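Below you'll find the structure, written out as structure tokens, and then a few comments.
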Amino acid sequence: MPIVKVGESDFEEFVNSNAFVVIDFTATWCGPCKLLSQALEQIHDEELPDLMIGKVDIDENRTLADAFEIEGVPTMMFFLNKQRVCFKSEKGDMDRIVGAVPKEPLLDLLKNLHDNINQGASGNDVEDAASEE
């Protein structure tokens, strides 16, 4: 299954045991979260089968949401080889995307990150590589 429910007790293990991870901070009451979840699942099924998606319900995992300073949902964070990815955008340096993102731009970003992982990059190495977004 491409989307795995992750909580405070298994978050670190999930990130550390997978090379290519998206963490989707979400809530059951959030409509845009459902749309994003569908897009992520389609991307996994159609394009990037080694992408692991962790879904963190912020209402059930408040400590984890607070630790990552989650202020709105959906919020996505990306991890390559156990390291959180930071990337450049027109808004400056970012370590997350807040809000629902259409499938195609999200796919472009994830493919870019995937290409970097196949070249042996870590999270710190992909700042410029992901800047096309």
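The values are calculated or read from the model by the stated rules, or taken from the named source; none is laboratory data. What you see is a predicted model, and the numbers here were worked out from it, not measured in a lab. Neighbour counts are summed over all protein chains in view; Cβ atoms, including those assigned to glycine, are modelled from backbone coordinates with ideal geometry.
Which residue, of V15, V98, V21, is under 12 Å from the mean Cα position of the chain (by Cα), surrounded by fewer than 18 Cβ atoms within 10 Å (Cβ to Cβ) and β-branched (V, I, T)?
Numbers: V15 fails: surrounded by fewer than 18 Cβ atoms within 10 Å (Cβ to Cβ); V21 fails: surrounded by fewer than 18 Cβ atoms within 10 Å (Cβ to Cβ).
Exactly one of V15, V98, V21 is under 12 Å from the mean Cα position of the chain (by Cα), surrounded by fewer than 18 Cβ atoms within 10 Å (Cβ to Cβ) and β-branched (V, I, T), namely V98.
Annotation: V4 fulfils all but one of (1) assigned to a strand (DSSP E or B); (2) surrounded by 15 or more Cβ atoms within 10 Å (Cβ to Cβ); the unmet one is (2).
Conditions (1) modelled with pLDDT of 85 or more; (2) within 21 Å of F14 (Cβ to Cβ); (3) loosely packed, with under 14 Cβ neighbours inside 10 Å; (4) touching a helix residue (DSSP H, G or I) at 6+ places or on another chain (Cβ under 9 Å), marked per residue:
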residue	(1), (2), (3), (4)
M77	yes, yes, no, no
K88	no, no, no, no
G92	no, no, yes, no
D125	no, no, no, yes
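Listed by first and then second residue, the pairs linking a residue in the stretch 83-100 that is free of Cβ contacts under 8 Å to residues at least 60 places away in the same chain to a residue that is part of a strand (DSSP E or B) and among the polar types (S, T, N, Q), with Cβ atoms under 6 Å apart and 6 or more places separating them unless they lie on different chains, are R96/T75; V98/T75. Summed over the stretch 9-62, the residues that are out of contact with any helix residue (DSSP H, G or I) (no Cβ under 7 Å at 6 or more places or on another chain), in a helix (DSSP H, G or I) and closer than 18 Å to K111 by Cα give a count of 8. Checking each residue in the stretch 46-69 for being buried (at least 19 other Cβ atoms within 10 Å of the Cβ) and either of a type in the set (V, I, T) or more than 14 Å from V21 (Cβ to Cβ) (or both) picks out I53, V56, D57, I58, N61, L64, A65.
Quick check on K82: is it surrounded by 13 or more Cβ atoms within 10 Å (Cβ to Cβ) and out of contact with any Pro (no Cβ under 8 Å at 6 or more places or on another chain)?
Values: surrounded by 13 or more Cβ atoms within 10 Å (Cβ to Cβ): yes; out of contact with any Pro (no Cβ under 8 Å at 6 or more places or on another chain): yes.
Yes.
Number of residues in the stretch 92-112 that are within 24 Å of A65 (Cα to Cα) and either of a type in the set (A, V, I, L, M, F, W, C) or part of a helix (DSSP H, G or I) (or both): the value is 8. Condition first: out of contact with any strand residue (DSSP E or B) (no Cβ under 7 Å at 6 or more places or on another chain) and not hydrophobic (A, V, I, L, M, F, W, C). Now tell me which residues in the stretch 50-78 satisfy that. If the condition is that a residue be out of contact with any strand residue (DSSP E or B) (no Cβ under 7 Å at 6 or more places or on another chain) and not hydrophobic (A, V, I, L, M, F, W, C), then D59, E60, N61, R62, T63, D66, E69, E71 are the ones that fit.
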